[in-house]
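J.: What follows is a structure written as structure tokens; I'll ask about it next.
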Amino acid sequence: MSLDEHRAAATASLGFAALTVSDRRTPETDASGPLVLGRAAARGHRDAGRRLVPNDAAAIAAALRELLESDGVDVVVVCGGTGFSPRDLTVEAVRPLLERELEGFGELFRALSFQEIGAAAMLSRSTAGVVRGRAVFVLPGSPRAAALAMERLILPEVGHLLAQARRSD
């Protein structure tokens, strides 16, 4: 199959959930979670839920597990906790849950970020992967980072990614 054929076979409408990790944001002040869900809805995808948890590895892992076990969730976008401060634990909480890591996502995200913010892009530990046929993307907490990842990487390819991950060959 060609790339275009793979993309054409991808599910058109997916359930997107947003998980924001922050000690300072509240549901009212969180801009990244609503941005993720809004960008997904603008492309015909469904809102499958939103959560906000503190920078606590156990809370992050529990919230991600809960979302991944929810009916209607195909994609979870996690925003926050990808830097190098002692409280940035998202990658450590999420990575053990991934069945297969999507190494190229972090590489491409940092390359695109470099074009916008310069060398500070290397401080992002963004990653992605698949868990039981569902996609998980881990992003920095800024709305600008969420917009970049959604528009340039996630929305153009997530349907193709999940079609591949769900194949039964």
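J.: Taking segment 114-144 as the search range and keeping residues that are among the polar types (S, T, N, Q) and not in a loop (DSSP other than H, G, I, E, B), which one is surrounded by the most Cβ atoms within 10 Å (Cβ to Cβ)?
T.: Thr127
J.: Residue under question is Ala111, and the condition is that it be under 16 Å from Ala147 (Cα atoms), loosely packed, with under 15 Cβ neighbours inside 10 Å, over 16 Å from the mean Cα position of the chain (by Cα) and of a type outside the set (D, E, K, R); does it hold?
T.: Spelling it out, Ala111 is indeed under 16 Å from Ala147 (Cα atoms), loosely packed, with under 15 Cβ neighbours inside 10 Å, over 16 Å from the mean Cα position of the chain (by Cα) and of a type outside the set (D, E, K, R).
J.: Which residues, counting only those in segment 72-100, are more than 11 Å from Val136 (Cβ to Cβ), loosely packed, with under 15 Cβ neighbours inside 10 Å and at pLDDT 95 or above?
T.: Correct list: Gly72, Glu92, Pro96.
J.: Here's something else I'd like to know. Cβ contacts < 7 Å: first residue under 15 Å from Arg46 (Cα atoms), restricted to segment 152-165; second residue among the aromatic types (Phe, Trp, Tyr) and not in a helix (DSSP H, G or I), any location; separation 6+ or different chain. Result?
T.: Here the result reads Ile154/Phe137, each pair linking segment 152-165 to a residue that is among the aromatic types (Phe, Trp, Tyr) and not in a helix (DSSP H, G or I).
The values are calculated or read from the model by the stated rules, or taken from the named source; none is laboratory data. For clarity, every value in this text was computed on a predicted model and none was experimentally measured. Note that we place each Cβ from the backbone using ideal geometry, even for glycine, and neighbour counts take in every protein chain shown.
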